[in-house]
Amino acid sequence: MKKIKTVIGCCLFVACSSFAGTNYSKEQLNNMASSGNYPEQEDAVSKSANTMSFEDSKSGALSMYSQLVGDYPVQIVVDTNILYVLKLWTNDGAIVMSCSGPDQKRVVTVARYK
């Protein structure tokens, strides 16, 4: 549960931050995603890097996926037995969650829209 709260916190940071940047409604994001034309992004910034088992990291990412799929664009980029990468688009930025088995780490990066 703590892991899910951490990920949700990162999402809320992106959704609620007051930095300048472009915002999109979830309808706009879904239309862009369905046409394959995603918003331009600024450089990604690492928001967290936590040591944890691959299984726990992937479980947290899958939980986030299941909570957002259907509302916001979400894409499983890589799904192997040692690496799992999930990308999701929120109103004002994109979030990438990477789970690494060999490193036993979860890294969350955020990129605001240009």
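The values are calculated or read from the model by the stated rules, or taken from the named source; none is laboratory data. Just so it is clear, the structure is predicted and the values come from calculations on it, not from any experiment. Here the Cβ positions follow ideal geometry from the backbone for every residue, glycine too, while neighbour counts run over all protein chains shown. All accessible areas refer to the heavy atoms of the entire protein, side chains included, with ligands and DNA or RNA removed. Shrake-Rupley method; radii C 1.70, N 1.55, O 1.52, S 1.80 Å.
Numbers at a glance
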| item | result |
| --- | --- |
| Close pairs (8 angstrom Cβ cut-off, 6 or more residues apart or separate chains): farther than 13 Å from Met32 by Cβ and at pLDDT below 95 in the range 88-99, open to solvent by less than 10 Å² (accessible area, probe 1.4 Å) and part of a strand (DSSP E or B) anywhere | Asp92/Tyr113 |
| Selection count where residues are open to solvent by 50 Å² or more (accessible area, probe 1.4 Å), charged (D, E, K, R), farther than 20 Å from Tyr113 by Cβ and out of contact with any helix residue (DSSP H, G or I) (no Cβ under 8 Å at 6 or more places or on another chain), scope the range 42-63 | 1 |
| Lone unmet requirement of (1) assigned to a loop (DSSP other than H, G, I, E, B); (2) in contact with a helix residue (DSSP H, G or I) (Cβ under 9 Å, 6 or more places away or on another chain); (3) touching a residue at least 60 places away in the same chain (Cβ under 8 Å); (4) open to solvent by 40 Å² or more (accessible area, probe 1.4 Å) for Pro39 | (4) |
| Given (1) outside any strand (DSSP E or B); (2) open to solvent by less than 20 Å² (accessible area, probe 1.4 Å), number of the condition Met97 does not satisfy | (1) |
| Residue in the range 53-61 that is basic (Lys, Arg), touching a strand residue (DSSP E or B) at 6+ places or on another chain (Cβ under 8 Å) and either more than 27 Å from Met32 (Cα to Cα) or assigned to a strand (DSSP E or B) (or both) present | no |
| Count of the range 64-92 residues which are open to solvent by less than 50 Å² (accessible area, probe 1.4 Å) and assigned to a loop (DSSP other than H, G, I, E, B) | 3 |
| Which numbered condition Ser18 fails, given (1) modelled with pLDDT of 95 or more; (2) open to solvent by 30 Å² or more (accessible area, probe 1.4 Å); (3) not acidic (Asp, Glu) | (1) |
